[in-house]
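What follows is a set of notes on a single structure, which appears directly below.
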Amino acid sequence: MISSFVSDGRRPSPPHSSVDDTPVSHLHLKERSSIPSFLRHTGAFAITRVESSSGLADPITKVSSVPALLVSVSIKPVAIGDFHMWLDDKLVPTSYRPPFRSAVLDCDAQPRCLPGSAFDYVLFHVPRKGLDDIAADLAVGPVDTFRVSFQEEDLVLSQLTKSILPFIGRQQWLGPLTMDHLGLIIGAHLLQKYAGQRTLPTLSVGGLGPWQKRRATELLSENLDGRVRLSQLAQECGLSVSHFARSFKASFGVSTHRWLVQLRIERSQDLLTRTRGSLADIAEEVGFSDQAAFTRTFHQIMGVSPGRWRRDHQRKESRVTVGVG
């Protein structure tokens, strides 16, 4: 989830980040109330959908345990007078906000807001360290100040939000690798659009060396469920995160997440052929959260369900056996 939401403005102590953190959450407030003050979150890139059918009774202040940007994308329109925002304790003029408009704010300004009616927002917590790392890899240097933005029509942020919106809050939907890649995409976009880097340099990036390819694929194969961080893979290969991500794609033609999904499907095909295991058992063995996720992904890649694929393969094998006999 995103940085802590508190009523007294105190900053929480930063907890450790690991693959066991929950970086994607859906907080649905059923009644008119403040967001509970006991929520505490990590200093990592995170996504939170905050939704209420009636609005808040009191203003809330968004603070972060680390220097970070807060990117907010509205899902519902916001009428004039139904939303109030303060930065550094100064009231910010607001107006009608159409759906899927975005705001980019610095958490150091401790943005405080009061939605007076029903609202629905997706919030991206983007640590500055990650932005500095991307900037260093692109040879543009660290960025001191990002442009504050309200009610921006940002097609990149709106399309990204629309693509992930149906899945926010689903158990185990976004694994660490997917989140890491999404963080890189948003980070590069923020650098280009909100830090004055209108045209990021095009770097000539070679692929991974033989030993790096071997080590990266070994780690991915050992973690079929995707519970490995991009930073771990990069460290094992002696590269920064964004440099590793670009080099891996140059070597394999796909991202680490996509490569891992393809490997899962290949492993599942082998199990569907060699064993009588149930689809649920095979889904678990190759790293999917459940049978539904396995079936959905298998169909997307292979064009048929795993059950249909198994039956078709068995019929082909039977015909070959009869022909040989």
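The values are calculated or read from the model by the stated rules, or taken from the named source; none is laboratory data. Owing to the predicted nature of the structure, the values given are computational and were not obtained by experimental measurement. Quick reminder, even Gly has a Cβ in these numbers, built from the backbone with ideal geometry, and neighbours come from all protein chains shown.
If you go through segment 297-320 one residue at a time, do you hit one that is surrounded by 12 or more Cβ atoms within 10 Å (Cβ to Cβ), at pLDDT below 85 and among the small types (G, A, S)?
No.
Being without any contact (Cβ under 8 Å) to a residue 40 or more places away in the chain, more than 26 Å from P306 (Cβ to Cβ) and under 20 Å from the mean Cα position of the chain (by Cα), is that true of even one residue in segment 198-207?
no
Return yes or no: is S117 more than 25 Å from S65 (Cα to Cα), crowded, with 16+ Cβ neighbours inside 10 Å and among the hydroxyl-bearing types (S, T, Y)?
yes
Would segment 49-63 turn up any residue that is at pLDDT below 80 and within 30 Å of Q232 (Cβ to Cβ)?
Scanning segment 49-63, I find at least one residue that is at pLDDT below 80 and within 30 Å of Q232 (Cβ to Cβ), so the answer is yes.
Would you mind telling me which numbered condition in (1) loosely packed, with under 13 Cβ neighbours inside 10 Å; (2) at pLDDT below 90 T273 fails?
(2)
Does any residue in segment 85-99 that is surrounded by 11 or more Cβ atoms within 10 Å (Cβ to Cβ) come within less than 7 Å, Cβ to Cβ, of a residue that is among the basic types (K, R) and outside any strand (DSSP E or B) six or more places away or on a different chain, and which pairs are these?
Between residues of segment 85-99 that are surrounded by 11 or more Cβ atoms within 10 Å (Cβ to Cβ) and residues that are among the basic types (K, R) and outside any strand (DSSP E or B), the close pairs are P99/K76.
Quick one: which residue in S242, S231 is part of a helix (DSSP H, G or I), among the hydroxyl-bearing types (S, T, Y) and surrounded by fewer than 19 Cβ atoms within 10 Å (Cβ to Cβ)?
Testing whether each residue is part of a helix (DSSP H, G or I), among the hydroxyl-bearing types (S, T, Y) and surrounded by fewer than 19 Cβ atoms within 10 Å (Cβ to Cβ) leaves just S231.
Taking interchain pairs and intrachain pairs at least six residues apart, which have beta carbon atoms under 8 angstrom, with the first residue in segment 112-124 and assigned by TED's automatic domain parsing to the domain that holds I80 and farther than 22 Å from I164 by Cβ and the second in a loop (DSSP other than H, G, I, E, B) and of a type in the set (S, T, N, Q)?
S117/S54
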